[in-house]
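See structure below.
The values are calculated or read from the model by the stated rules, or taken from the named source; none is laboratory data. No experiment lies behind these values; they were computed from the predicted model shown. Methodologically, a virtual Cβ is constructed for each residue, glycine included, from the backbone with ideal geometry; neighbour enumeration extends over all protein chains shown. For accessibility, only protein heavy atoms count, side chains too; no ligands or nucleic acids. Shrake-Rupley method; radii C 1.70, N 1.55, O 1.52, S 1.80 Å.
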Protein chains: 2
Amino acid sequence: MNIGTVAERSGLTAKTIRYYEDIGLVKPLRDANGYRAFQDKELHKLIFLSRARALGFTIEDCRSLLALYEDETRASADVKRIAKEQLMQIEQKVAALGAMHDTLSHLVKECAGDDRPDCPILEGLGRG
Amino acid sequence: MNIGTVAERSGLTAKTIRYYEDIGLVKPLRDANGYRAFQDKELHKLIFLSRARALGFTIEDCRSLLALYEDETRASADVKRIAKEQLMQIEQKVAALGAMHDTLSHLVKECAGDDRPDCPILEGLGRG
DNA sequence: CCTTGACCTTCCCCTTACTGGAACCCCCAT
DNA sequence: ATGGGGGTTCCAGTAAGGGGAAGGTCAAGG
C-alpha cells in the first residue's frame, strides 16, 4: 500500500503519516522506487494512532500506548493508568472551558449589542 | 513602572509582556537606561489582555477587542459579535471534549486494570 | 513513443502563544 | 568593589503538523 491508500484508510493525511514516521511511530518499508510500502500491521498502527489522537492523547501518550499495544504480555493496568490520566485532563479542560463560558455568556447577555458605544463586555474585561 | 511591576499587577509574566510589545499590542515608553516605562494606560491594556486571554480569546481576537476598547465611539454590536463567536467556539470545544470523555470513560470502565494482558482499551483503539 | 495528470519524494519555512536560556547592562546596598 | 536583583537583546524550542517548491514515478491515452 502506498501512502495515499493508508491515508484514506486511516483517516490521517499523508503529511501526518510522514511526520509519524519522522518521529518514529511507524517504520514502513520502501519500494525500489523509494515509495513507502505499508503493510497491514503499519496500517493498523496508524488507525490506532488516529483514534487515540481523536481521543485527545498526546503523541507521547500514543507512543506509550503503541508500545503496550504491540506488547502481547502487557498488563492492562498500565494502559488503564494512562487512560485515566487522560480522562482527568479532559475533565480539567471541560471545567476550565465551562468557567470561561459562564463568565463570557454573562457578559454577552448584559450587552445590548446595538450602535451605542456603551459595552458591558469591554467594561468587564477592563475593570480593575 | 518597570516591567516587573506591571507583570505583578497584570498577572502576566515579563516574558509575555515583552512578547506583547513585539507583536504590537502594547507600546511602552523607554527610560534613558533602556528600561520599559509603563504608564497606567498600558497597564490597563495588559490587565485587559490578561482577562481576555483567560476567557479564551486568541491574540488576534484580543487585538480587535483592544482596538474597540480604545475607540470610545465603537458600537457594542461589534464587541458582542466577537464575544459570541468565541462563545460558540468554546461550546464546540466542550462538545468535542464531552464526546472524548464518554468514549474514553466507557473504555476505562470496561478495563479490569489488573496484571492480565487482556485490555478493552487497546482493543477499542485498534478495532477496525 | 510521448505526454499528461496523479501520485510520490525530500526539504524548508510557517503556525500559536509563548518559555527558557545565554550574554550582557544597570542600580542600590554593603 | 562587589554582590544581588532588577533589566535588555537575541536565539532556540515547544505540539503537531500544514503549505508549498522542486523534482522523480507510474499508468493511461493519443
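Find all pairs meeting these conditions: Cβ atoms under 7 angstrom apart; at least six residues apart or on different chains; first residue within region A:27-44 and free of Cβ contacts under 8 Å to residues at least 24 places away in the same chain and in a helix (DSSP H, G or I); second residue open to solvent by less than 100 Å² (accessible area, probe 1.4 Å) and more than 12 Å from DNA strand D (Cβ to nearest atom). From residues that are free of Cβ contacts under 8 Å to residues at least 24 places away in the same chain and in a helix (DSSP H, G or I), the pairs are A:44/B:126.
Only residues that are outside any helix (DSSP H, G or I) and more than 7 Å from chain B (Cβ to nearest Cβ) were counted across region A:59-99, and they come to 1.
Here residue B:56 meets the list (1) at the interface with another protein chain (Cβ under 10 Å from one of its Cβ atoms); (2) over 20 Å from residue A:99 (Cα atoms); (3) crowded, with 18+ Cβ neighbours inside 10 Å almost entirely, failing just condition (2). Within region B:77-94, the set of residues being open to solvent by less than 40 Å² (accessible area, probe 1.4 Å) and touching a Leu at 6+ places or on another chain (Cβ under 8 Å) comprises B:79, B:82, B:83, B:86, B:87, B:90. If you filter region A:1-17 down to residues that are under 17 Å from the mean Cα position of the chain (by Cα) and outside any loop (DSSP other than H, G, I, E, B), you find that the one that is surrounded by the fewest Cβ atoms within 10 Å (Cβ to Cβ) is A:15.
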